[in-house]
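The values are calculated or read from the model by the stated rules, or taken from the named source; none is laboratory data. The structure displayed is predicted, hence computed values, not measured ones. Every residue, glycine among them, receives a Cβ derived from its backbone with ideal geometry; neighbour counts consider all protein chains shown. Just the protein is used for accessible areas: all its heavy atoms, side chains included, with ligands, DNA and RNA removed. Shrake-Rupley method; radii C 1.70, N 1.55, O 1.52, S 1.80 Å.
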Amino acid sequence: MFQAPSVFTRAPLPPATREPEPRREQTPTATAAPAATAPAPSSAPASAPASAAAKRERDPYFDNVKYLAIVLVAVAHAWEPVMDGSRATRALYMIVYAFHMPAFILISGYFSRSFDMSAPKVKRLITGVAVPYVLFETAYSLFKRYVGDSPGEPISLVDPLYLTWFLIALFVWRVTTPIWRTLRHPLPVALAIAMLASVSPDIGDDLDLQRVFQFLPFFVLGLLMKPEHFRLVRRREVRLLALPLFAGALLFAYWIAPRMQLGWLYRANSAQEMDAPWWSGAVMSLALFGCGLALTIAFLAWVPRRRTWFTALGAGTICGYLLHGFLIKGAVYTGLFDRYTWLSDPVGLVTVSAVAAVAVTLMCSPPVGRALKFATEPDMKWAFRKDPAKR
């Protein structure tokens, strides 16, 4: 592994994001019986709302995945300003960053399988990804300018600030979905692109393309997954194997914590930009893909399949993702962590973790979702042409 500086280093942190509405998996069990006995379309109008409600039914498993992952994102972001000097916290942080972004990206790819550039899906991509990116990239830039006392902070839509990079990455990945669905061997191609990006320092910072390319294999893998793969992941045997896997990963992370630069986990730079040999980028790309995939499977194996108290919050992770950054950055900009140095102690780390978890939970709640709908799911009928078939 390549030696990091003698002190623990910091780097910008990536977030989590929104995925399309998950649907409950259809299996040949008794749950499919109502569909067979449902009235024909020509029946009473009262059957229409019931059909619409059935279509909107969400799979609690995927909502649970999204909620638990966004909590890990917020907690890890909260650790970043206070983890210097704590080898154990740094190790936990590295474990979380090894799999929470791959997990989000894989799930995003899974629910992007049907994206085909049709008009309705393009509209949803614009209103659900592109517009929130523009609004919150602007909001975070202004927040840094005025709260962070950086009057010269520009508003740039080509240089994502803090956690907005994931939105532009998701936009690029989803637009290219038809290409990946056409290729015979898409995953090896995506891995090759990731490896090439990791040794290409000239890519630059525009649209955070390093992250777009280096995280691409997880999105493509999600496109290739089927419902039965998730059923395999949730088998009892996989859950039992996940326990020693996490234990071993934690021990390894504790050993390597002082030696490894965090930049490898962020995928935001090439190997040369981290003062490492050029060939190390390709090696680390493959190694991190394997580690990220193994830990993602272990995480998915332990996510509850049933409906829980937090299942409904999974539908609001877009708000938790977009809002928690203001909380973390606000604390940094106002010097909160510098004034209260006890937050770096064990009790302080527990306090910071609890506050972050509670805060992001509240941000995912339905009232917050309704209040932010104008920005996360804007009604932009005025911006699109009407379907000629409906004229």
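Data for the structure
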{"quantity": "Fraction of accessible area attributable to carbon and sulfur, region 177-239 (%, probe 1.4 Å)", "calculated": "60 percent"}
{"quantity": "Euclidean distance of C-alpha centroids, region 256-276 and region 56-123, integer Å", "calculated": "21 Å"}
{"quantity": "Extension gain, L142 back to W255 (0.36 nm per residue minus Cα-Cα distance, nm)", "calculated": "36.7 nm"}
{"quantity": "Efficiency of FRET from Cβ geometry, V332 and R181, R₀ 41 Å, rounded to 0.05", "calculated": "0.50"}
{"quantity": "Label-to-label distance, nm, for residues given as S114 and A130 (7 Å Cα→Cβ offset)", "calculated": "2.2 nm"}
{"quantity": "Efficiency of FRET from Cβ geometry, A88 and M380, R₀ 41 Å, rounded to 0.05", "calculated": "0.30"}
{"quantity": "Cα centroid separation, region 193-250 to region 291-320 (Å)", "calculated": "15 Å"}
{"quantity": "Gyration tensor verdict on region 68-200 (Cα atoms; rounded if a/c is under 1.5, prolate if a/b is larger than b/c, oblate otherwise)", "calculated": "oblate"}
